[in-house]
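The values are calculated or read from the model by the stated rules, or taken from the named source; none is laboratory data. This structure is a prediction, so every number in the text was calculated from the model and none was measured. Here the Cβ positions follow ideal geometry from the backbone for every residue, glycine too, while neighbour counts run over all protein chains shown. Quick note on the areas: whole protein, heavy atoms, side chains included, nothing else; ligands and nucleic acids left out. Shrake-Rupley method; radii C 1.70, N 1.55, O 1.52, S 1.80 Å.
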Amino acid sequence: MPHGSIIESPKREAQTGTESLRHILVVDDDPMVCMAIEVYLQRNHFRVTIAEGGEVGLRALEHGQFDLMIIDIFMPHMRGFESIRVFHERAPTIPLIAMSGYAFANLNSPAPDFLRMARELGAARCLRKPFTPHALLAATNDCLAEHRSDDVASAARLG
């Protein structure tokens, strides 16, 4: 994958028709992580756009419609949790899954600061790398289901 590129899964679109597929933006500076997530999500009937790095991800967000974002917390050109804050501010209605391979100083604790900080900055779920395909799919489905129920509740209040 060329550095700083946006890759959308074109092959699946022709086969399945994208109208019914949920569209997920994956932003990570590690091409192997992106590829693994993309393959697994495509196999589970999601449309996936890959953005290598935060700046490219923000451009993709400006030009595309997404149902979910999966964002790496620690990327070049973004300090610490800045990526979660920025993506959530740009698209506050799109659920966001924060992921990180950051090793915590105290591995005996369940990393409450990581979870709390990511959630305070707008993450609906957090995944610690390496995570299993099952954990990825569970977090994805949970976020999409919660977002759908939020939409239904909002529509009921307006109607």
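Which residue is farthest from Ser20 (Cα to Cα), if the candidates are limited to the stretch 36-55 and must be part of a helix (DSSP H, G or I) and open to solvent by 10 Å² or more (accessible area, probe 1.4 Å)? Talk me through it step by step, then tell me what you get.
Just the residues of the stretch 36-55 that are part of a helix (DSSP H, G or I), to begin with: 36-43, 54-55.
From what is left, the residues that are open to solvent by 10 Å² or more (accessible area, probe 1.4 Å) are 36, 38-40, 42-43, 55.
Values: Ala36: 22, Glu38: 17, Val39: 18, Tyr40: 18, Gln42: 13, Arg43: 15, Glu55: 28 Å.
Per the criteria, the residue is Glu55.
Being surrounded by 15 or more Cβ atoms within 10 Å (Cβ to Cβ) and not in a strand (DSSP E or B) is the filter here; which residues of the stretch 56-79 pass it?
Initially, the stretch 56-79 is screened for residues surrounded by 15 or more Cβ atoms within 10 Å (Cβ to Cβ), giving 56-58, 60-61, 66-75, 78.
If the condition is that a residue be surrounded by 15 or more Cβ atoms within 10 Å (Cβ to Cβ) and not in a strand (DSSP E or B), then Val56, Gly57, Leu58, Ala60, Leu61, Phe66, Asp67, Ile73, Phe74, Met75, Met78 are the ones that fit.
Mind telling me which of the residues Thr132, Thr93, Thr140 ends up being hydroxyl-bearing (Ser, Thr, Tyr), at pLDDT 85 or above, more than 20 Å from Ala51 (Cα to Cα) and out of contact with any His (no Cβ under 6 Å at 6 or more places or on another chain)? Please lay out each step first, then the result.
On the way: Thr93 fails: more than 20 Å from Ala51 (Cα to Cα); Thr140 fails: more than 20 Å from Ala51 (Cα to Cα).
Of Thr132, Thr93, Thr140, the one residue that is hydroxyl-bearing (Ser, Thr, Tyr), at pLDDT 85 or above, more than 20 Å from Ala51 (Cα to Cα) and out of contact with any His (no Cβ under 6 Å at 6 or more places or on another chain) is Thr132.
Scan (1) buried (at least 18 other Cβ atoms within 10 Å of the Cβ); (2) modelled with pLDDT under 90 for the single condition Glu13 breaks and write down its number.
So the condition that Glu13 fails would be (1).
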